[in-house]
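Heads up: the structure comes next, in C-alpha cells.
The values are calculated or read from the model by the stated rules, or taken from the named source; none is laboratory data. Small disclaimer: the values here were computed from a predicted structure and weren't measured. Please note: Cβ atoms are built from the backbone with ideal geometry, for glycine as well, and neighbour counts cover all protein chains shown.
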Amino acid sequence: MAIRHFLSTQDLSRDELERLLDAADGYRNTKFGDALRGKSVALLFLNPSMRTRTSFELGTWQLGGHAVVLQPGKDAWGIEFAPNAVMDGDAEEHIAEVARVLSRYVDLIGLRAFPKFVDWQEDRQDKVLKSFARHAAVPVINMETILHPCQELAHAMMLRDRLGTKDFRGRKYVLTWTYHPKPLNTAVANSALLIATRLGFDVTLLCPTPEYVLDEQFMQQARGNVAESGGSLSISHDIESAYGGADVVYAKSWGALPYFGNWGPEKPIRDAHRHFMVDEAKMALTNNAVFSHCLPLRRNIKATDAVMDADYCGAIDEAENRLHVQKAVMAWLAGPAP
Ligand code: CP
C-alpha cells in the first residue's frame, strides 16, 4: 500500500480535512494522549523556526512519543538532493541514504525546506520535499516548503472558532500582500489561497501589481477549489475595494516570482508599497473582520501595534492551533485515520 504523506491539504478529501480539524479540536481540551506511545519522529529543519519546532516537539511528547530535531548542515551532515549528483561539494550524504536510514529509526519524518530564492522554475517543483517522500519508508510531513499545510489547518481552526461556523460560503476573505524589507517565501500565501478557496470563501487576492500574483499551479488549484466549494476568486490591486466588506483579512509578505534570482529591480516596487501595511484605517473598511498572520511578524512594518493588539487579531490563537492540528496529523499518519 502507498505511504500516506502530509505534503499538501490538496491531497486530503474534504471529509478528511473536516475530520482532521475535528480531531484537532479534541486535542485542544485533551492535552495528553498515547497516539504516539512508543513511536518517534525526526524533525529536519533546513531553515529557522520557533513555532513549528516547539509545537511539533511538544506535540510529540504530549502524545507519548519522542522527537529528534536535526538541522542538516549545522548539527547533522549536509544533504545532497539532486539525483545522480557527483558529490564534490559541501554535502556529505545523499537524500537516498538519509531518508532510508531515518525510516529505520523513526515512524514519521517532518521536513522544513524553503525555496533557495534563486530560480523559481526550480523552486516551484518542491524537489527536496518530493525526494524525501520518494525515498522515505515512513510518512513525511511538510513543515513548510513552497506550501505550509500545517499553518493552513491552524488557520482554518481559528476561522471556525472566530466566525462560529464550518460553512464559510458567502463570507469575504482578503489575502493581502503586506510590506517587508526582504522578499519572503510565498508558501503561506499559497497555502492561505488554497485553504480559503477550499473552505468556500469569496477570496480576493490583494497585491501591489500583477507581478505579485501567486504561482499559476496554485492559482489553478484555487480555481478548482472554488468550483467545488461554491466560493469565488478574484485578484485586486486596489486596497479600498478589496478591504470593503471583508470578513477575514489574512496578511503575508512575499517576493514577486518574476524577480527570483534578480531581486534588485524588485526592491523599488516593494518599497513603493509600504502603505500595504495592515492598519486600523484599513480594518475599519471591513465587516468587523477577523485579522490574522502566520507569524513571525515585524510590527509597524507588516501590521501596526493597534491591529496586532486588537481583539479581532487571531494570530496568537492560530499559533496555538499549530500544536492541536499537528497532533491530529501525527496521530492520523502514525495510526488509524481520524
Ligand atoms: N508560522 C511558522 O511556521 O512559524 P515558525 O517559522 O516560527 O515555525
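Summary table below
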read-out	value
Tally of residues being within 16 Å of the ligand (Cβ to nearest atom) and either over 24 Å from HIS155 (Cβ atoms) or of a type in the set (A, V, I, L, M, F, W, C) (or both) across the stretch 36-49	5
Search result, residues across the stretch 239-262 that are in a loop (DSSP other than H, G, I, E, B), surrounded by fewer than 19 Cβ atoms within 10 Å (Cβ to Cβ) and at pLDDT 95 or above	GLY244, GLY245
Cβ-Cβ under 7 Å pairs, at least 6 apart or on other chains, the stretch 282-305 side under 15 Å from ARG162 (Cα atoms) and among the polar types (S, T, N, Q), far side within 16 Å of the ligand (Cβ to nearest atom) and in a helix (DSSP H, G or I)	SER292/HIS155; SER292/MET158; SER292/ALA315; SER292/GLU318
Helices (runs of 4 or more DSSP H) contained entirely in the stretch 275-338, each with at least 3 residues that are within 14 Å of the ligand (Cβ to nearest atom)	315-334
Some residue of the stretch 7-18 being in contact with a strand residue (DSSP E or B) (Cβ under 8 Å, 6 or more places away or on another chain), in contact (Cβ under 8 Å) with a residue 12 or more places away in the chain and surrounded by 14 or more Cβ atoms within 10 Å (Cβ to Cβ)	yes
Number of the condition not met by PHE32 [criteria: (1) buried (at least 16 other Cβ atoms within 10 Å of the Cβ); (2) touching a residue at least 24 places away in the same chain (Cβ under 8 Å); (3) not charged (D, E, K, R)]	(1)
Subset tally (residues that are of a type outside the set (Val, Ile, Thr), more than 17 Å from the chain's Cα centre (by Cα) and under 25 Å from LYS166 (Cβ atoms)) for the stretch 187-224	5
Options PHE45, PHE56, PHE6; residue that is in contact with a Lys or Arg (Cβ under 8 Å, 6 or more places away or on another chain) and closer than 29 Å to PHE117 by Cβ	PHE45
Positions within the stretch 148-193 being over 23 Å from THR304 (Cα atoms), away from the ligand (no atom under 12 Å from the Cβ) and part of a loop (DSSP other than H, G, I, E, B), in sequence order	GLY164, THR165, LYS166, ASP167, PHE168, ARG169, GLY170, ARG171
Tally of residues being surrounded by fewer than 14 Cβ atoms within 10 Å (Cβ to Cβ) and more than 25 Å from ASN321 (Cβ to Cβ) across the stretch 35-72	1
